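Let me begin by presenting the structure, written as structure tokens, before commenting on it.
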Amino acid sequence: MNDLLDIQGLKFSWGENIVLEDISLKLGGGELVAVLGVNGAGKSTFLKCINRILLPDEGTIRINGNEVSAMDLMDLSRATSYVPQSVRTSFPLDVFDVVMLGRRPYISWLISDEDRKKVSDTLSYLGLEKFAFRRFDKLSGGERQRVVIAKAVAQDPLLFLLDEPTSDLDLQNQISTMKSISSIVYDGTFRKSAIIAIHDINIAARFATRIVLLHEGRIIADGSPPEVLTEENIATVFRVSCDIITNHEEGGYLRVIVKDEIQD
């Protein structure tokens, strides 16, 4: 049986600046992977290499056994959906129509009743029904971000690639959105997976089954939150000291309490 995602020996550089080097990762169905690292560690670049926005210098990337570099664009769009870090495009469309754009890989000539139902169900699932017929370009930044996430969900991929999906959201919507994403991933009927590039260590610790720690272009740790989020690893990557506690009253989630920066 093929892994959902199989990356071997990935390397990417901008000119002489090596961003990612010797990245290897395998991912099965039903996993939510948080990628952590400082600004410039290569988190966004990593996601963009997976769905061919950027072309690696070296290495192979396979989704369900298919080499990404050889996949038809529509097949790739059915396999992955991507949410960028910020939404700069301002569509002069209703929210319903923006989310319908996620169905493009499945539409031949006409939009079907199934496509309309998928969009309606997605808006309802993410609590966006009241936005359905509002203009996308009249929404706030956080509201637009939620709609773009809905578009990715309506795309119905095997693998979600999410670059800081909660960065423009208030605290309540950060939690709500992460709960929605994780429920799609963890529901056994979906068997989907997600890779999320994220800054918030505590959000990652709460929702991810697995954390990948990027440092200086390489993966230095890969495992469950307790395995990866150690005081030593956090000091190495983020140059801060911290305390790590487990809140057993809230499901056993780890919490990282930053104390101070580490002076060289």
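Just so it is clear, none of the values below were taken in a lab; they were calculated from the coordinates. Given the structure is predicted, the values throughout are model-derived calculations rather than measurements. Ideal geometry is used to build each Cβ from the backbone, glycine not excepted, and the neighbour counts take in all protein chains shown.
Nearest 10 degrees is fine. How inclined is helix 113-125 to the longest principal axis of the chain, computing both from alpha carbons? Between the helix axis and the principal axis of the chain, the angle is about 40 degrees.
Rounded to whole Å, give me the distance from the Cα center of segment 1-22 to that of segment 156-180. Between the Cα centre of segment 1-22 and that of segment 156-180, the gap is 24 Å. What does the net charge come to around Leu20 if you take all other residues with beta carbon closer than 13 Å to its beta carbon, with K and R at +1 and D and E at -1? The answer is -1. Structure note, pairs Lys48/Lys151; Lys43/Lys118; Lys43/Lys151; Lys11/Lys118; Lys43/Lys117; Lys192/Lys259: Cα-Cα distances above 27 angstrom occur for Lys43/Lys118; Lys11/Lys118; Lys43/Lys117; Lys192/Lys259. Taking packing as the residue-averaged number of other Cβ atoms within 10 angstrom, the listed peptides 107-119, 211-223 run from highest to lowest as 211-223, 107-119. If one takes the longest principal axis of the Cα atoms in the chain, at what angle in degrees, from 0 to 90 and to the nearest 10, does the Cα axis of helix 141-154 lie? In the chain, helix 141-154 runs at an angle near 70 degrees to the longest axis. For Arg210, the residues 5 or more places off, or on other chains, whose built amide H falls under 5 Å of its own are Leu32, Ala34. Between Val38 and Ser24, the modelled labels are 2.7 nm apart [label points 7 Å from Cα along Cα→Cβ].
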